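Okay, structure first, notes after.
The values are calculated or read from the model by the stated rules, or taken from the named source; none is laboratory data. As the structure is a prediction and not an experimental result, all values here were calculated from the model. Heads up, the Cβs are rebuilt from the backbone with ideal geometry, glycines too, and the neighbour counts pull from every protein chain shown. The accessibility values were calculated without ligands, DNA or RNA, using every heavy atom of the protein model including side chains. Shrake-Rupley method; radii C 1.70, N 1.55, O 1.52, S 1.80 Å.
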Amino acid sequence: MTSHSGEGGKNEIFVDVVERLSVVIGSNWKCFLPSCSSLNEEFSIGKSQLRGLRGRLCVWTSAVFIRLVKHSMSFDTYRILKICPSQGEQTLMQYQLCDELPCPPPFRLFPTVEKDYGSRLLIFLKLRCDLPPNSAAINVSVTIPVPKCSLSLSQELSSPDQTAELRPKHKSIVWEIPRFPGGAQLSALFKVEVPSFSSASLLEVGPVSMSFELPKHTCTGLQVRFVRLSPNQQGLSHRWVRYVTHSESYTIRI
C-alpha cells in the first residue's frame with residue numbers, strides 16, 4: 001500500500017495486489033478446470049479451515065502480516081485488515097499458494113518439433129491465452145532453446161506486431177508479443193538451419209520459458225472488496241486498488 005499527498009494537497013491511497021507466478025507445466029499436462037473461477041473469501045491459511053459463502057476452498061501455504069496490521073480477530077472472522085498507515089509505501093501482507101490455482105494457468109502451448117529436408121529444423125508453436133476475454137497479457141516473451149549449432153532462422157508469425165530472433169550466443173529463439181488478449185491463440189513457425197543435424201538435435205529443443213505481465217488480474221483470485229477510511233481521517237482521500245501478476249518463472253516442457 002502507498003499513501004501520499006498529491007498535487008494541491010490531495011490525499012491518495014493506492015492498494016496494490018502484486019502476485020508473482022512460478023509454474024512448471026509438463027508436456028502431458030491436461031487441465032479440467034473451468035476457464036475462470038473466483039476465490040472470493042473462501043480460502044484458508046495453513047491448516048485453518050475457515051470457509052466463506054461461495055467458491056472452492058483454496059489453501060494458502062502461508063500469510064505474513066506486518067506488525068502494524070491488527071488482523072487477528074477481524075481477519076480470521078471477517079477477512080478485514082486494519083492499519084494506521086503513514087505516508088510512503090508499506091507491505092501489509094505477503095502470502096503464498098502452493099496448491100492448485102483456482103483457475104487454469106494463463107498460457108497453454110501446443111508445440112510441434114520435427115526435421116525438415118536437409119539440415120533444417122521446423123518448430124511450430126500454437127500459444128493460447130486462457131485469461132478472461134476482457135483481460136490481456138502484455139510484454140509477453142517466449143524463449144525456445146534450440147540446438148547449439150543453429151546458424152540462421154526464418155519465421156512466419158501470426159500478426160505483424162510480433163517479432164522473433166535467433167540469439168546464437170544464448171542458443172535460443174526469442175518470440176516477443178506486445179499484447180496478448182484473453183481467449184486468443186497465436187502461432188509461430190520457425191525454420192532453423194542446423195548443420196550436422198541428427199536425432200540428438202531434436203532433444204536440444206526446449207523447455208520453453210515465458211515472461212509476461214497480467215494487468216488487472218491475479219491468479220489466486222484474491223480481491224480487495226473495499227478500502228474504508230476511519231471517520232477522523234483529515235481531508236477527502238482518493239482510494240485506488242490495482243492488481244497485477246508478474247511471471248517469476250513460467251516453464252513449459254515440450
Expected single match for under 30 Å from Tyr243 (Cβ atoms), of a type outside the set (Gly, Ala, Ser) and in contact with a His (Cβ under 8 Å, 6 or more places away or on another chain) among Leu157, Leu222, Leu131, Leu186 is Leu131
Those residues of the stretch 87-126 which are hydroxyl-bearing (Ser, Thr, Tyr) and in a loop (DSSP other than H, G, I, E, B) amount to Thr91, Tyr117, Ser119
Notebook entry, point to check: Within the stretch 111-126, is even one residue hydrophobic (A, V, I, L, M, F, W, C), exposed (fewer than 15 other Cβ atoms within 10 Å of the Cβ) and in contact (Cβ under 8 Å) with a residue 24 or more places away in the chain?
Noted result: yes
Of the residues in the stretch 130-171 that are within 14 Å of Leu189 (Cβ to Cβ), polar (S, T, N, Q) and under 23 Å from the mean Cα position of the chain (by Cα), the one that is least open to solvent (accessible area, probe 1.4 Å) is Gln162
Selection from the stretch 172-210 of residues in contact (Cβ under 8 Å) with a residue 24 or more places away in the chain, of a type in the set (Ser, Thr, Tyr) and open to solvent by 60 Å² or more (accessible area, probe 1.4 Å) yields Ser196
- Item | Test result for Pro133, modelled with pLDDT under 95, of a type outside the set (A, V, I, L, M) and either within 15 Å of Phe212 (Cα to Cα) or in contact with a Phe, Trp or Tyr (Cβ under 9 Å, 6 or more places away or on another chain) (or both) | no
Residues in the stretch 173-208 that are among the β-branched types (Val, Ile, Thr), under 20 Å from Ile25 (Cα atoms) and not in a strand (DSSP E or B) total 1
